[in-house]
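Q: Sharing a structure, written as structure tokens. Questions coming.
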Amino acid sequence: MKLNNFDKRVLSAKQAGTSLAIIPLLIALLFTSAVLTSGCRLPKKSGQTDGTLGHELTAPAKRDPAGPPLVLPDGFPIGQEEAAAIASSLDTPLEIYDALRPGGAADTKRLEKAVIDRVVDGDTLVVLRDNGTEKLRLIGVNAPESYAHHDKTARTHRGESVSRIVNQWLNKRTVYLQFEKTKTDRYGRLLAYVWLDAHTMINEVLVREGLAEERRYEPTTQFNDYFAKLEKRARQDMRGIWSDPSGYRSTK
């Protein structure tokens, strides 16, 4: 078939239009190839995860220490509902503890796994291990005495408040036990740093939240200097037992 001059012009125009339409596609393909070749990554949206590790790119959640402080009254214990509300906030830390704690995060695979059978008071737990239940004393901390204390004259309302908060927070939870130089005390209780996960040690949270004070018991003193710094921050924030400086008498 022969084409006249008009037909030839129409065909040339169509071919030219097709070529122009392909140009943006070629540019996009070249850009993508350059990014992949150079090893660069395209920007990620906020909150997008890294496909290699599955971790969030944003910083871990953290409460504002300048927010409303945890206040414990001296004249009466808090109710169970208030204790539960306070306990629900404790899993969101006031600090990024891994950045402050000597040694950073824990390797929970190297620690002993247990379950908290019940809470005795703010610094004493009963844990379920392979050989049954045993009483455990948290290393390096001391909470005010609760209503569970055998000596009625030693019992305090603040100690009972702390006990109720800790019970609401920890009862029946799975934990990891880190032992030190001495595994038991003179009363036969286990001595341990107790972890909820690799980044959260119960001992440190209690001190930072003002639910216990730092207490040095030789020779188990690995974290005492660290706990002392956390207590200082709790005192400055007037949290928990430090919410009324005249209402709590340290027994150090």
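The values are calculated or read from the model by the stated rules, or taken from the named source; none is laboratory data. All values reported here derive from a predicted model rather than from experimental measurement. For neighbour counting, all protein chains shown are included, and Cβ atoms are generated from backbone atoms with ideal geometry for every residue, glycine included.
Q: So, of the residues in the stretch 101-118 that are within 23 Å of Asn224 (Cα to Cα) and touching a residue at least 40 places away in the same chain (Cβ under 8 Å), which turns out to be farthest from the chain's Cα centre (by Cα)?
A: Within the stretch 101-118, the match that is farthest from the chain's Cα centre (by Cα) is Glu112.
Q: Still on this structure, please answer the following. Looking at this structure, is Leu128 farther than 24 Å from Asn224 by Cα and out of contact with any Gly (no Cβ under 7 Å at 6 or more places or on another chain)?
A: yes
Q: Among the residues of the stretch 80-96, what is the count of those that are in a loop (DSSP other than H, G, I, E, B) and either surrounded by 15 or more Cβ atoms within 10 Å (Cβ to Cβ) or not assigned by TED's automatic domain parsing to the domain that holds Trp169 (or both)?
A: 4
Q: Turning to a different aspect of this structure: Name the single residue that is farthest from Arg129 (Cα to Cα) among those in the stretch 146-186 being touching a residue at least 12 places away in the same chain (Cβ under 8 Å) and among the hydroxyl-bearing types (Ser, Thr, Tyr).
A: Thr156
Q: Could I ask something else about it? If I filter the stretch 73-100 down to residues being of a type in the set (A, V, I, L, M, F, W, C) and under 16 Å from the mean Cα position of the chain (by Cα), which single residue comes out as farthest from Arg164 (Cα to Cα)?
A: In this case the residue turns out to be Ala99.
Q: While we're here: Looking at Lys181, Lys172 in this structure, which one is surrounded by fewer than 16 Cβ atoms within 10 Å (Cβ to Cβ), at pLDDT 95 or above and assigned to a loop (DSSP other than H, G, I, E, B)?
A: Lys172
Per-residue answers, yes or no, for (1) of a type in the set (S, T, N, Q); (2) farther than 30 Å from Lys232 by Cβ; (3) surrounded by 13 or more Cβ atoms within 10 Å (Cβ to Cβ):
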residue	(1), (2), (3)
Ala105	no, no, yes
Lys109	no, yes, no
Ala114	no, yes, yes
Val119	no, no, yes
Arg129	no, yes, yes
Ala148	no, no, yes
His157	no, no, yes
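Q: How many residues does the stretch 200-238 contain that are surrounded by fewer than 22 Cβ atoms within 10 Å (Cβ to Cβ) and either more than 25 Å from Ala83 (Cβ to Cβ) or of a type in the set (Lys, Arg) (or both)?
A: Result for the stretch 200-238: 16.
Q: May I ask you to verify whether Glu213 is touching a residue at least 40 places away in the same chain (Cβ under 8 Å), closer than 23 Å to Ser163 by Cβ and over 18 Å from the mean Cα position of the chain (by Cα)?
A: Judged against the criteria, Glu213 is a match.
Q: Which numbered condition in (1) surrounded by fewer than 24 Cβ atoms within 10 Å (Cβ to Cβ); (2) part of a strand (DSSP E or B) is the only one that Arg186 fails?
A: Against the list (1) surrounded by fewer than 24 Cβ atoms within 10 Å (Cβ to Cβ); (2) part of a strand (DSSP E or B), Arg186 comes up short only on (2).
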